[in-house]
Amino acid sequence: MNRSLNGAIMSLRFCFSLCAVFVVSLFFGTTAPAQTTSVYAITHAKIFTLAGAPIEDGTLIIRDGKIAAVGASVEVPASAQVIDGKGLQIYPGLFDPITQMGLREIGAVSATVDSAETGPFNPNVVAADAVLPSSEHIPVTRAAGITEVLAVPASGGFDSSGGEGLLGGQASAIHLNGWTISDMLIKKSAAMVINWPRIQSNTFDPSTFARRQRPYAEAKQEYDKQVDEITDWLDRARHYSQIASHGGSAEFDRDLKLEALGPVVRGELPVLVFAENAREIRNAVEFCDAQKIKMILAGGDEAYKVKDLLRSKNIPVILRPTLTELREEDLPYDRLLTQPAELVAAGVKIAFGSFDNSFARRLGQQAANAVAYGLPYDEALKAVTINPAQMFGLADQIGTLETGKLANLIVTTGDPLELTTDVRYLFIKGELTSLDNKHHRLYEKYLNRPKATNSK
Amino acid sequence: MKNTFVAKTLKLSVALFCALFAPALSRAANPPDAPPVILIQNATIYTITHGIIDHGSILIRDGKIAEVGASIKAPANAQVVDAAGQYVMPGIIDCHSHIAVDGSVNEGSISVSSIVNIADVLNSDDVNIYRDLAGGVTVANVLHGSANSIGGQTVVIKLRWGQPASRLPFEGALPGIKFALGENPKRSNGGGGGRGAQQPRYPTTRMGVEETIRGAFVEARDYKRTWDDYNKRVSAGDKNLIAPRRDLRLEPLVEVLEGKRYVHSHCYREDEILMLLRVAKEFGFKVRTFQHVLEGYKVADEIAAAGAGASTFSDWWAYKVEAFEAIPYNAAIMTRRGVVVSINSDDAEEATHLNQEAAKTMHYGGLSHEEAMKLVTLNPAMQLGIDKRVGSIDAGKDADLVIYNHDPLSAYAVVQKTLIDGRVYFDRQKDIADRATLEAEKKTLLEKEKKAASKRPEGADGARRPGGQRRPGGGRPDGAAPPPQSTDDTQINDSDTGDSKTDPSPSASANHGGVL
């Protein structure tokens with residue numbers, strides 16, 4: 001409970017205007033520490049529900065962790081703690097669908113990295129089982145207005161020993177707040193990671209620690225073998241699932257990996273396929289189509305080359321950051337920046353992902369940059385809120401500001417995608433959540449360092 | 001891979017063509033000379049030194065800014081650029097870059113590699129020059145890597161895309177030398193010469209890094225004295241002297257002692273920042289800039305008192321232990337404490353949006369619009385000693401300018417034109433218009449190549465080309481990609497951070513080329 005109070009005090013620090021500080025201190029001086037059961041009313045704010053036109057002077061009521069009402073003429077309950085939203089704007093909290101949140105603290109220190117298991121086939125590992133709720137990345141990311149993420153194992157392809165995991169494990173959708181993982185969970189198993197094999201003529205040889213060229217035929221052979229292996233796993237999972245549904249033993253003779261693949265082959269769990277090249281994307285789409293499994297594409301550097309296929313098969317794309325160096329020198333310099341607009345114009349559903357932890361707070365920047373290169377603004381907002389929620393079957397809970405949905409939302413000084421916008425309040429599951437973080441604490445500490453006297 | 005081949009083939013054809021018709025074509029290959037007089041009108045002008053001019057004009061004559069003001073009458077011979085609704089700021093100066101380098105940026109075999117010079121390996125057709133231009137960058141401080149306590153010599157360039165390598169260096173800018181402290185020179189991340197390696201390379205501790213630097217300057221001081229003595233005796237008329245033996249490793253360090261070469265030191269932690277200041281004081285040289293300096297905010301007073309500059313990232317953190325206390329408020333705190341601060345890229349892609357990275361300091365730490373803009377213009381110019389030439393929009397300075405369609409400190413701003421020396425080196429509309437032609441040209445060349453390949457005997461490699469033409473790694477988008485694991489090659493060789501913005505993943509390797 002202290003946490004919420006703390007949060008309120010910390011959110012103070014984000015208010016640079018004296019006036020806001022005054023209002024907020026009055027507010028928290030007179031109320032008990034917030035609880036998830038508290039009722040809040042944010043009044044006179046401009047509300048971007050993303051489920052209709054923005055409400056110019058609206059009120060949003062939060063009760064029992066959910067949005068109880070939202071509209072232009074909503075009555076404020078007597079029990080509500082009122083936040084004056086005059087001059088402020090309300091948006092759904094941002095959703096970063098590809099991170100290693102809680103799985104990787106310091107990239108270069110393997111002891112703090114749990115983001116990918118060794119070996120090529122790990123469908124049974126689940127991100128949520130290793131997410132560290134007290135990771136320093138969580139509050140830092142939250143301060144950028146991100147309320148939920150997908151923690152994705154093996155996202156990016158490499159396991160801890162440098163190998164590639166083809167079946168990388170299960171990604172978990174989590175709220176960026178909670179004492180334990182059970183507080184944080186939105187959906188423990190939200191997708192199965194597949195790192196789609198690549199036809200690589202130029203490979204790394206671990207025995208000589210050097211790169212070597214090999215004939216295309218050899219590369220293709222390895223690629224085909226890997227695709228066959230994935231196929232084989234799914235076939236076996238299908239048989240396993242059929243046996244289990246005919247009353248197989250629940251306790252004995254279990255195969256954890258095949259069991260984990262059951263929801264995939266039954267079409268209940270989407271596969272999150274990491275692929276960049278048009279050829280591999282096309283192959284992955286055809287594969288998933290043939291296997292009758294639900295695919296979400298991640299990465300998609302060359303998705304624009306197969307946009308019609310993606311649209312016709314209804315496959316959404318989580319784009320690697322627009323702020324990524326181009327892979328080929330002949331490409332137009334703005335190739336990644338214009339791609340989001342091009343895909344959306346072609347009817348492909350997109351989301352933006354950071355594919356990272358420490359750069360998760362650049363999510364809004366990415367989306368804004370895509371707007372600068374032609375993506376309609378509304379689509380950019382959707383691509384960091386409702387679109388990823390829909391991709392992972394969470395749209396009934398989050399992604400827009402609608403009555404009955406979880407109150408995961410942000411109250412900002414303006415456009416949440418712009419670099420200079422402040423997040424004033426952030427709610428997760430209806431709880432007013434701290435905006436304090438390691439970075440802000442260090443800022444306060446060293447801003448107030450007495451002037452060094454011995455610095456000469 | 002296919003496109004590498006295409007690019008190589010293209011370059012081969014160009015090289016052959018130029019070799020045959022060099023005298024006639026060398027001039028034609030360069031961008032056309034700028035018109036002598038250009039007038040940019042109706043723009044919002046961020047001068048940096050004297051505020052913002054709405055609907056202002058900039059007159060450019062012979063590559064220099066001749067006049068800036070609210071209304072300037074167009075001279076009869078001027079080419080007029082109507083920039084109504086657009087925004088002009090000084091060209092962006094990236095104080096930490098590794099673009100335009102042919103191959104690896106690290107001579108990593110030794111701990112004092114002052115003998116090597118980045119200026120010797122400038123590659124004028126690195127496409128990142130063009131891409132950074134498209135992001136408004138006009139000047140880059142091209143640094144050696146951070147594998148060594150004392151690294152190689154460095155050079156400041158202008159991004160004169162299309163000009164030969166000899167035209168890249170910024171005329172008159174003092175050269176620099178790279179130092180590096182902490183995890184990279186002691187090789188903590190990823191084996192290869194660090195503690196526990198089969199053949200560890202001294203130093204492997206921060207103590208050893210300090211002693212390596214101190215030891216080198218002890219030698220340099222002795223070497224300088226030997227030469228000083230010799231020169232003194234020669235000028236006193238002594239004619240029977242044999243000159244001391246030259247030491248190319250120590251010469252750059254003597255230049256540091258004499259103030260003729262700037263020290264740009266990679267660093268992270270507060271203790272190592274103070275360490276280098278002590279060593280510098282001991283030997284009587286200045287640290288011109290601390291690079292990265294992610295814990296600079298902890299010792300900002302000391303940095304300010306020493307008169308050193310600080311060139312940092314906007315918001316990178318947590319990629320290694322020494323970056324775990326990095327905060328995005330770093331630039332703001334150091335600015336408030338009187339340090340001249342710049343925001344740099346250390347990465348060809350990051351450089352394309354330094355305007356946005358600077359803008360973040362308004363959010364993190366509350367710098368003003370002008371203070372934020374200075375972080376990528378006047379401040380890095382001061383750090384590089386070129387502020388009399390560039391960094392603001394003032395009469396007499398070089399006409400290095402960027403024109404945006406919005407306030408440059410917005411995530412929605414797109415560069416429309418970039419000028420260097422009064423010449424347009426990047427024009428978004430022209431870039432877009434030229435794409436179809438380039439595509440067609442590439443297709444033609446590919447077909448030619450295909451035909452030629454079918455005529456070649458078995459085993460001949462069409463992509464192989466004459467010596468000195470290879471351009472692997474070193475930030476190439478699709479050059480020789482580094483091994484996937486965290487080795488010294490990936491961790492340190494081509495970047496200073498010992499990490500990158502993204503995972504050391506295969507796709508990231510592909511995207512970032514050697515810049516991991």
task: Summarise the partner chain shielding of A:432-444 as one whole number: the mean count of Cβ atoms from other chains within 10 Å of each residue's Cβ.
output: 3
- prompt: Under a point spin-label approximation (7 Å from Cα along Cα-to-Cβ), what is the B:Lys443-A:Glu251 distance to one decimal in nm?
  reply: 6.9 nm
query: Taking the simple approach of a point 7 Å from Cα along Cα-to-Cβ for both B:His55 and A:Ala210, what is their distance in nm?
result: 6.7 nm
query: Considering only A:Pro139, A:Leu375, A:Val113, whose Cα is most displaced toward the positive end of the charge dipole of chain A, charges sitting on Cβ of Lys, Arg (+1) and Asp, Glu (-1)?
result: A:Pro139
message: Run the paramagnetic zone check for A:Thr231: 7 angstrom along Cα to Cβ, then residues of the range A:290-333 with backbone nitrogen under 17 Å.
response: A:290-293
- prompt: Assuming R0 = 41 Å, what is the FRET efficiency of B:Glu219 and A:Thr453, from their Cβ-Cβ distance, to the nearest 0.05?
  reply: 0.70
statement: chain A: longest segment with zero exposed chymotrypsin sites (Phe, Trp or Tyr not before Pro), where exposed means DSSP loop plus at most 13 other C-beta atoms within 10 Å, is residues A:253-456
statement: Expected sort for B:His50, A:His440, B:His406 with the fewest Cβ neighbours (10 Å cutoff) up front is B:His50, B:His406, A:His440
- prompt: Going by a ≥ b ≥ c, the root eigenvalues of the Cα gyration tensor, does the range B:327-442 fall in the rounded group (a/c under 1.5), the prolate group (a/b larger than b/c) or the oblate group?
  reply: prolate
task: Would you calculate the separation in nanometres between label points at B:Ile115 and B:Lys430, each defined as 7 Å from the Cα along the Cα-to-beta-carbon direction?
output: 4.4 nm
message: For the pairs B:Lys64/B:Lys260; B:Lys232/B:Lys260; B:Lys186/B:Lys374; A:Lys305/B:Lys443; B:Lys73/B:Lys360, flag any whose C-alpha to C-alpha distance is greater than 28 Å.
response: B:Lys186/B:Lys374; B:Lys73/B:Lys360
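If you stretched the chain out fully between B:Lys260 and B:Lys64, how much longer would it get, using 0.36 nm times the residue separation minus the C-alpha to C-alpha distance?
Extra length available between B:Lys260 and B:Lys64 comes to 67.9 nm.
Residues of B:313-325, mean number of Cβ from any other protein chain within 10 Å of their own Cβ, rounded to a whole number?
Taking all residues of B:313-325 together, the mean is 6.
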- prompt: Cβ under 14 Å from A:Ala237's Cβ, A:Ala237 left aside: what net charge do those residues give with Lys, Arg +1 and Asp, Glu -1?
  reply: 0
- prompt: Taking neighbour Cβ counts within 10 Å as the exposure measure, how do A:Asp84, A:Asp114 sort from fewest upward?
  reply: A:Asp84, A:Asp114
query: Which shape class applies to chain A: rounded if a/c is under 1.5, otherwise prolate when a/b exceeds b/c and oblate if not, where a ≥ b ≥ c are the square roots of the Cα gyration tensor eigenvalues?
result: prolate
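The numbers here are math on the coordinates, done by the rules we state, and not lab data. Computed from a prediction, not measured in an experiment: that's the story for all the values here. Don't worry about glycine lacking a Cβ; one is built from the backbone with ideal geometry, like all the others, and counts go over all protein chains shown.
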